[in-house]
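First the structure, in the form of structure tokens, and then the observations on it.
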Amino acid sequence: MDVDIGNALASVASPGVSRASLERLDERVADAHERIERGMANREHGYEALNLPERTDPDEIRAAVDPVADAEALLTVGIGGSSLGAATIANALEGVEPRSTGSRTESDGTETVFLDNVDPAWVSRKLASLPLEETAINVVSRSGTTAETLANFLVVRDAFESAGVDWTERTIVTTGDSGPLRDLADRHDLPSLKVPDGVPGRFSALSAVGMVAAAVCGHDLEALLEGAAAERESLSGSLFECPAYAYGATTYALDGRGAGTNAVMPYAESLETFAEWFAQLWAESLGKDELGQTPVRALGATDQHSQLQLYRAGPRDKLVTFLTVDDGPDRSIPETDVDDLAYLGDSTLGELLAAEFEATEASLAAAGRPNVRVELEAVDEYELGGLLYGMEAACVLAGELYRVNTFEQPAVEWAKKATRGLLGGGEFEEAEAVAEKTELRVER
């Protein structure tokens, strides 16, 4: 992962950050890096996530999924960090051949479905679309008590039983040391993997939480971890020497100057889910004490025709983060006898996409709007591992600079308690607050 922050400098953009300001900020980055390294060395909660490249055991993951390795589809039941990391990896690598052979020689085309919402119509459609007798289940929850995950798992289990399919022969459990899911795995002797200690869900993509789907699909787990490890090696005490810290420090500095929205815009369809993963990482980690940027999801070139108008001509309160890929498959554009379109026949879709990106980047810079470029060599396991790790490290650094607890999420826990209370799962004062809603209804 390489980062270009040139278009975020004050000489280009407003708001922007001067080189002198970055050099002053770099002193705080050095202090933050020492704190991060200390947290990693002591395996402190949260910082332990940055140790995953050496902690995660690919062989253990492959052994757990071996009983369902021939599945035509994998249904992952989880929410938030228990789903988005896995979905990001699976969607990015769909159709990508592994860099090395590992234990399997090629990606096998397994369909991946992620039940990460409890909309009944949507869940029913997803289940109806799957060949259940050829579908594997991976249910993911650290506590084993997450309401949405357990509700969906009960629905899935019932659907399998109604179809005459033995769900116990097709289920993997990824959970903590104790709880209802751990008890279930023990009772039915289900293959199981452990959610790593000290790692919040949104930081767990490079563990069993995020890599089961990749394993079932035959992707190169070692390459994912090697890419992450290479990014870890780049961590240093200066933002000018570390792409992850350059990104984290620049976003922090721009937020303090008024760019309170961070629009993440991949120029690769396969990385669209990455923007969803990033949105959770950034919002849940940094949104505390009335601080933190608001992440927005976009997709190039699609959203040039929708959101770009706002980013270029709206309020000066946004940073646009571009994610580009240097190399990948391409396709020629057929020639045409339509004069106004003839120029397209001499190029490819890849060249068109690259031109769309460069034009968008330049248009924002010309309008004085800050933007940052994050570059990948390709969309493959190695580069994806580096991207996920790099953005996690950037987020941890930003948390240190904001001086917030990056690894807690009290606002999310409040809503969880309210939900449980509303469903009769206990007495919670948060549930009582629901009845106190102020109304001003306008009815037809």
Which numbered condition Glu222 misses (of (1) touching a Ser or Thr at 6+ places or on another chain (Cβ under 8 Å); (2) buried (at least 24 other Cβ atoms within 10 Å of the Cβ); (3) touching a residue at least 60 places away in the same chain (Cβ under 8 Å); (4) over 18 Å from Thr110 (Cα atoms)): (2)
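Return the only residue of Ala393, Ala362 being over 20 Å from Tyr311 (Cβ atoms) and modelled with pLDDT of 90 or more.
Details: Ala362 fails: over 20 Å from Tyr311 (Cβ atoms).
Matching residue, one of Ala393, Ala362: Ala393.
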The one condition in (1) surrounded by fewer than 24 Cβ atoms within 10 Å (Cβ to Cβ); (2) under 30 Å from Gly95 (Cα atoms); (3) assigned by TED's automatic domain parsing to the domain that holds Tyr382; (4) under 20 Å from the mean Cα position of the chain (by Cα) that His305 fails to fulfil: (4)
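Examine the range 306-320 for a residue that is in a loop (DSSP other than H, G, I, E, B) and within 16 Å of Ala268 (Cβ to Cβ), and state whether such a residue exists. Show your work before the answer.
Here is the first cut: in the range 306-320, the ones in a loop (DSSP other than H, G, I, E, B) are 306-307, 314-317.
Still in the running and within 16 Å of Ala268 (Cβ to Cβ): none.
Among the residues of the range 306-320, not one is in a loop (DSSP other than H, G, I, E, B) and within 16 Å of Ala268 (Cβ to Cβ), which makes the answer no.
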Residue count for the range 215-249, restricted to those that are touching a strand residue (DSSP E or B) at 6+ places or on another chain (Cβ under 9 Å) and assigned by TED's automatic domain parsing to the domain that holds Arg182: 2
Qualifying residue in the range 341-357 (condition: in contact (Cβ under 8 Å) with a residue 12 or more places away in the chain and in a strand (DSSP E or B)): yes
Residue among Ser100, Ser82 that alone is in contact with a helix residue (DSSP H, G or I) (Cβ under 7 Å, 6 or more places away or on another chain), modelled with pLDDT under 95, surrounded by fewer than 21 Cβ atoms within 10 Å (Cβ to Cβ) and more than 21 Å from Glu169 (Cβ to Cβ): Ser100
Residue ranges of helices (runs of 4 or more DSSP H) in the range 1-86 with at least 3 members in contact (Cβ under 8 Å) with a residue 40 or more places away in the chain and among the aliphatic types (A, V, I, L, M): 19-41, 58-65
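Please go through the range 323-343 and give me each residue that is surrounded by fewer than 10 Cβ atoms within 10 Å (Cβ to Cβ) and either of a type in the set (S, T, N, Q) or within 38 Å of the chain's Cα centre (by Cα) (or both), ordered by number. Before the answer, list the steps.
Let us first name the residues in the range 323-343 that are surrounded by fewer than 10 Cβ atoms within 10 Å (Cβ to Cβ), namely 331, 334, 337-340.
Result: Arg331, Pro334.
Only one residue in Gly227, Gly176, Gly210 is closer than 20 Å to Gly385 by Cα and touching a Ser or Thr at 6+ places or on another chain (Cβ under 7 Å). Which one? Walk me through how you get there before you give the answer.
Numbers: Gly227 fails: touching a Ser or Thr at 6+ places or on another chain (Cβ under 7 Å); Gly176 fails: closer than 20 Å to Gly385 by Cα.
The unique qualifying residue is Gly210.
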Selection count, the range 396-420, where residues are assigned to a helix (DSSP H, G or I) and either surrounded by fewer than 24 Cβ atoms within 10 Å (Cβ to Cβ) or among the β-branched types (Val, Ile, Thr) (or both): 16
Considering residues of the range 348-387 that are loosely packed, with under 15 Cβ neighbours inside 10 Å and charged (D, E, K, R) only, the residue farthest from the chain's Cα centre (by Cα): Glu351
Residue, nearest to Arg369 (Cα to Cα), within the range 280-294, restricted to residues that are in a helix (DSSP H, G or I) and among the small types (Gly, Ala, Ser): Ala283
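The values are calculated or read from the model by the stated rules, or taken from the named source; none is laboratory data. Not measured: the values here are computed from a predicted model. In this analysis, Cβ positions are derived from the backbone assuming ideal geometry, glycine residues included, and neighbour counts consider all displayed protein chains.
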